[in-house]
1. Hey, can you tell me all the residues within region A:148-187 that are within 22 Å of B:Ile415 (Cα to Cα) and either of a type in the set (Lys, Arg) or open to solvent by 20 Å² or more (accessible area, probe 1.4 Å) (or both)?
2. I'd like to check something: does region B:348-361 contain any residue that is surrounded by 24 or more Cβ atoms within 10 Å (Cβ to Cβ) and either within 12 Å of chain A (Cβ to nearest Cβ) or under 24 Å from B:Met86 (Cβ atoms) (or both)?
3. Report, ordered by the first and then the second residue, all pairs with beta carbons closer than 8 Å, sequence separation of six or more or different chains, a first member in region B:433-450 that is hydrophobic (A, V, I, L, M, F, W, C), and a second member that is assigned to a loop (DSSP other than H, G, I, E, B).
4. In region A:379-398, what count of residues is obtained for those that are surrounded by fewer than 24 Cβ atoms within 10 Å (Cβ to Cβ) and among the polar types (S, T, N, Q)?
5. Considering region A:398-419 alone, what residues qualify as being out of contact with any Ser or Thr (no Cβ under 7 Å at 6 or more places or on another chain) and either among the β-branched types (Val, Ile, Thr) or at pLDDT 95 or above (or both)?
6. Taking the stated definitions as given, is A:Tyr553 within 26 Å of the chain's Cα centre (by Cα) and touching a residue at least 40 places away in the same chain (Cβ under 8 Å)?
7. Could you list all residues from region A:483-531 that are over 30 Å from A:Leu442 (Cβ atoms), open to solvent by 60 Å² or more (accessible area, probe 1.4 Å) and in a loop (DSSP other than H, G, I, E, B)?
8. Suppose we filter B:Val284, B:Val290, B:Val316 for residues that are among the aliphatic types (A, V, I, L, M) and without any contact (Cβ under 8 Å) to a residue 60 or more places away in the chain; which single one remains?
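The values are calculated or read from the model by the stated rules, or taken from the named source; none is laboratory data. Because the structure is a prediction, the values reported are computed rather than measured. Note: ideal-geometry Cβ built from the backbone for every residue, glycine included; neighbour counts use all protein chains shown. Note: areas computed on protein heavy atoms with side chains; ligands, DNA, RNA excluded. Shrake-Rupley method; radii C 1.70, N 1.55, O 1.52, S 1.80 Å.
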Amino acid sequence: MESLVYVALFAPLVGSLFAALFGMSPKNLITGIATSALLFISWVASVLLLIHVVGNGAVSTTLMDWIGAGDLLIQFGFQVDAVTAVMMVVVTTVSTVVHVYSIGYMDHDKGFNRFFSYLSAFVFSMLVLVMSDNFAGLFIGWEGVGVCSWLLIGFWYHKEDVSTDINPSISPSWAANEAFIMNRIADLGMLIGIFLIYWNTGSLTYDTFFASIPTMDAQLLVAIAVALFIGAMGKSAQFPLHTWLADAMEGPTPVSALIHAATMVTAGVYLVIRANPLYSHEAVEGVSLFIAYLGTFVAMFAATMALVNRDLKRIIAYSTLSQLGYMFAAAGLGAYWVALFHLAAHAFFKALLFLGAGNVMHAMHDELDIFKMGGLSKVMKWTYIYMGLASLALAGIFPLAGFYSKDTILEVAINEDTYLIWFALWVTAGLTAFYSFRQVFLTFSGNERYKELGHRPHEMPNYVLIAMAPLAILAVIFGFVFMDSFQAFTSTVLPAYEMSHATHEIAWVFIILTTLIALSGIFYAYKKYGAGLIRDEKVESSFVYKLLSNQYYIPKFYDSMFTKPYREISDMLWKRVDLKIVDAIVDAIAKFIYFSGDKSRAMQTGNLSHYLNWMAAGVLLVAVIVSLSAVLG
Amino acid sequence: MDHILTILVFFPAFAGLLGFVVDKGSARAYGIAVATIELFIALWLWMSFDGSNGGMQFVEMLPLVPDFGISYYLGVDGISLFIVIMAALMTLVGMISMSIEKDVKNMIISLLFLEMTMVGVFVALDAIVFYLFWELSLVPMLYIIGAWGGPRRVYAAVKFFLYTFLGSLIMLVGMLFLAYLYHDVTGTWSFAITDWYALVLPMEYQVWLFIAFFMGFAIKVPMFPFHTWLPYAHGQAPTIGSVILAAVLLKMGTYGFVRFSLPIFPDASVMMITPIAILSLIMVVYTAMVAYAQKDIKQVIAYSSVSHMGIIMLGVFAMNAEGISGSIFLMLSHGIVSGALFMLVGVIYDRLHTKELDNFGGLAAVMPKYATIFGIMLMASVGLPLTIGFVGEFLVLLGFYKVSPMMTIVAGLTIIIGAIYMLSIYKRTFFGPITHDENKKLKDLNSKEIVSLVPLVMIVIWLGIYPKPVLEPIDNSVKALVSFMEKKAQTQEAKDIIVSTNAGEDK
């Protein structure tokens, strides 16, 4: 079984290195095919491992030593238990689809080979992240996906910086840097968590740490829980570190599908799920509850921004943010398997949604404004079906995947008596349905506004559409086929979360309530946009609309509160402090020595009577000093 | 091999002397040949080195002035071994990449002399021998900056020389006083560092001596507020000068703290943790911000060096094996990465004759190989895991966390602000459209540059993934050092701090 672990882990790396060999040469189809094939191998290995884990329990293996100093020993150790196996299958499934899809999507791009090299490197890092059996290994993957994300957001690095009114992101390279730096802020928290774990347990492996949790004191556990969660907030773009995710949409769409929807951004959720012995400890109850409330807040906050956005990809990005909030809400309330289940379901339907958006962009020559689309269902039937399905799943309509996963989260909120969370998530479910179908209708139905712009949209080639099919199927069946087995399987690692009897009794009421609000969201979207775009000047000039379309002015606030002052302070430190104070003092001392030497040279006249004068003055001075010190001393 | 260290020290200088008769046209090839042989001797030293032994090996001892206990006394341990190898490597790589046409022969000879002094400093076990090599290293560097530098080279060279010379004079006074104290206690004179280790000093002497040595080392490092000579030196030095300066010469300062200050003045060192840590934190944060404000790419790298040296200083004063080992490892990794970065800056300077960031932009499109290698070095510089930069930085921060969590959080800002200035220069250099027409025709790396940079890339990745062959011998020597300090410390307070910083929960 160890060999399967390594096959699953290293196949993407081999693919990445292979594609990198062609990195600077013109497009070569082989890079796309080879990386996709290797990912498929990795997927097969992951599925076999999953089956193995179901039957025989976790597999673990150690590759070699990494860092050893003092009492610290970090090894490259990997373990595949139920949680990891699920993550691996989700990651490799979506990645394989995205790779094949990208062969079509990146067809005309001159960075074709480079793209596949980065994309496979990302998958490798993501697998390291989920497969490591220790926090240092997790951190390798954590930073690795960060770099790949940087490379891929900034993939079209040659684009110029253009400032826009609403979106602060001025170019792909700007967005890439923003994402990297913002993640690094969170990574510092994560590092502190790692240090705390090391100095209190002497090791960084999950097992040692989890085993010593019962003996650790409460304050320490809270500190570790907070530090690790700060790390999770960066990767999963939770408020206030959320702005990078929407800007990351500057990257190619397959990247958004894979990294910024299905996998990397869920790493924070994975961390909380993985560290469930910590977060479910009674001493850190407060932190967990905070996670749940923050998640709920982000779910609603992000959904409101999606309501008015006109950018096809940004709407989906906010929706991702919102769904991550749902996952954190579930994890914070202790329903880890529910969070993981929503993570998996979301990965499938959200990747599908993004890839569909990619089809639309491809057809519309990279036009992103949904106000300029409309009526595309006639020319892009399959894309319409896919995006429609994905949106239904996202809206949580029975019997699609999102219905099961999201509904369970709402049930958990009821079960925990956190009615505020339930209410907020319930409202958000309505918002979600509305913005999803606002997007679908504005894109696919109504008047064909794109014609005025001279676009001639066309559907993607068939193999691309077929490649998307697995995601579509999973988005449909994942809930009702897999939910029960998923719960049973993950309960080998995660605490079993059981609804109370009372919750069971009344669950149907809430299911109906949720379905009702989702349906009314869809209906409202249909009423407003089903027939085409009717712009309402009054609404668009209202305060709330402006607030939302400017993302609550948070990016602008960050820009004026952090980015600009940082530059100004840096400039001031250099020009005023370093040059004018620190260095000037050094030069002044040197000048003084030079000056005094220069002036005292006047004493060396060679004239004996001058020397006598100086000597007399000196003697006098010494006499004065001596007598003074005698008197005073 | 009884005299491998002597050979290692004097072979380059000897070859340098012979270099005067070598034909001008082949001086460069000659220099590269000599540096290659030197590197192989250094690698051979590593092969014959017993990594599990934390003590001094290949010791050579020859009394020079027996009346004053001055002797020709050399040896290496895990702490110095790899710095020596790194010095030999960077000299070779720097020579290969060198693009200087003017007076090549003089340059080669200066570099070979410089190599002698660098190796000498790190293997000397006698304070006077150490001091001689330490001061001698200034001369070739003064010449390199003064003869091949930019428009303000004389100012920069003199500033570099006088500033560091002043510091070392104070250190020399400290050394003489220490020898005098040794004589006072034992009745015999000795300048052997290992003899000084055995000397138990009263606290007040320790503090004054610590300060005297501190002046010499701190200016060399350079620590805030003594760092202002460095930007000028880098700004004016030719590429090869900057490479050697950043990669090796700065390490003399931090090495000095490990070799002298910690074991000879353990109590004073413990007492000085806080003040030194504060200066280090200022180095880390302040110079990283100053780096961000720079308009000249070379100045960014220069200031970033100071910032990283701050992390190294912090590791030295973590007082635990994790921190000190990490700090030695970071010296190596910073040597390789900053050396490579200066070489990379040299690449673009050779082509455009400017270092102003505003003149770049969009270079990734025309120079993809250059952009790739720069990108890898950038990631190593910001401490990405699986590159060489992570290992040392992680260990230092981990180690210092035990001393002070609050200070470590401040020092940890380095992973954020380091990324800010590095990503910012990368974007301004490589991303966006090409705004200057003359940049559209730039040539990518030539074979000379590739030959010199690719080995560094390989080391960056190799030691990032598998640091053990280097880290283990370092760690063994550091553990010996730490337990020695623990035994030697006299005040209970110092003892307690050394013990507690080293203790994990499970012991």
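1. A:Leu151, A:Trp174, A:Glu178, A:Ile181, A:Met182, A:Arg184, A:Ile185
2. No, because not a single residue in region B:348-361 is surrounded by 24 or more Cβ atoms within 10 Å (Cβ to Cβ) and either within 12 Å of chain A (Cβ to nearest Cβ) or under 24 Å from B:Met86 (Cβ atoms) (or both).
3. Pairs found: B:Ile434/B:Gly361; B:Ile434/B:Gly362; B:Leu442/B:Met367; B:Leu445/B:Met367.
4. Of the residues in that region, 0 qualify.
5. Residues satisfying the conditions are A:Thr408, A:Ile409, A:Val412, A:Thr418.
6. So A:Tyr553 fails the test.
7. A:Thr492, A:Ala496, A:Glu498
8. On the way: B:Val284 fails: without any contact (Cβ under 8 Å) to a residue 60 or more places away in the chain; B:Val316 fails: without any contact (Cβ under 8 Å) to a residue 60 or more places away in the chain.
Matching residue, one of B:Val284, B:Val290, B:Val316: B:Val290.
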